[in-house]
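What follows is calculated from the coordinates using simple rules that are stated; it is not laboratory data. What you see is a predicted model; the values in this text were computed from it and never measured. Here the Cβ positions follow ideal geometry from the backbone for every residue, glycine too, while neighbour counts run over all protein chains shown.
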Amino acid sequence: MKRAQTLLVSVLLAASALLVTTPGAFAYRSDTWSNFNSFTARCLGFNDTYPQQLYWNAQSLMSWLGYSPRGGTVGANFTRSAFLGNVLPDWAVYVHSHGDNYWSNYPNVDSGFLQDPGTTRCSDFSQDVIRSSTIRAVTNGSPYNLVIMSTCKLGSASSTMSDAFQIPMTKTNAGRKFYLGYVYTTYDSAAYQFESNFLSYLVGGGSWYRRSLYGAFLYATYVGGYESPDAADPFQANWWGNPYYDGTPG
């Protein structure tokens, strides 16, 4: 398990002069999840092609940063049980879905996102929500390097999702942690363009010079031109974490 791995690192390093460790012993797993079936013509009235593209973008990002193995899925296998059953060993997590800051015992917020509903129905809050409180119970204090919620509203100041991954809502965190999300209702087209710009900035530094995730955020923000629903829902990405962190696992 990840927490055990973290605690044993110093012991194993001390013994490294005497022992040969198994290749992959310090693998840093990431999972990329994308709700696909809620974004088809059956549910939206048109086919949204971005869930698949967002998934591949995120997989490319995890690969570039050095996370391996890379798990998760796009489509019907993105279920609540699959997500919760895999999230603890992760060091990086990406989710594309419908998301919101749902009420729990008003006025308390318990943010969440929706699992893929499968091919026979559309997402329904009562059946499909994966709440931050449930995620927090599963992660159980374990550290996370990078969390991206490519959803509506889980980057807002009222969201409880970053706390589910032990990433405080400040922009002065020490350590290797970074959380990215969107503040308002966000079109998939805008999220895809933003995340593509985010990735291109990081890759542009080359493998010899790792740029910061905050630098990538600033670059993608300043490019601008992102489509938004209306004046009440302007496009706005947001982040918390360490502004100097480059996203590499550890």
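Here are some notes:
- Cβ distances below 4.7 Å define possible disulfide partners, and in the chain the cysteines left without one are 152.
- The range 46-96 shape via C-alpha gyration tensor axes, a/c threshold 1.5: oblate
- Across the chain, the mean sequence separation of Cα contacts (distance under 8 Å, 6 or more residues apart), normalised by length, yields a relative contact order of 19 percent.
- Helix content alone sets the calculated 222 nm mean residue ellipticity of the chain: runs of n ≥ 4 DSSP H residues at -39500 (n - 2.57) each, divided across all residues, give -10000 deg cm²/dmol.
- Overall form of the chain per C-alpha gyration tensor (a/c, 1.5; a/b vs b/c): prolate
- Using a simple spin-label model with pseudo-atoms 7 Å out from Cα toward Cβ, residue 137 and residue 125 lie 2.0 nm apart.
- Cα-centre dipole for the chain with unit charges at Cβ (Lys and Arg positive, Asp and Glu negative), debye to 20: 800
- The alpha carbon gyration tensor of the range 155-250 gives principal lengths a ≥ b ≥ c with a/c of 1.5 or higher and a/b no greater than b/c, which makes the shape oblate.
- Segment residue 63-residue 232, length gained on full extension (0.36 nm per residue, minus Cα span): 57.3 nm
- Ordered by the number of other Cβ atoms lying within 10 Å of each residue's own Cβ, fewest first, 212, 159, 63 fall into the sequence 63, 212, 159.
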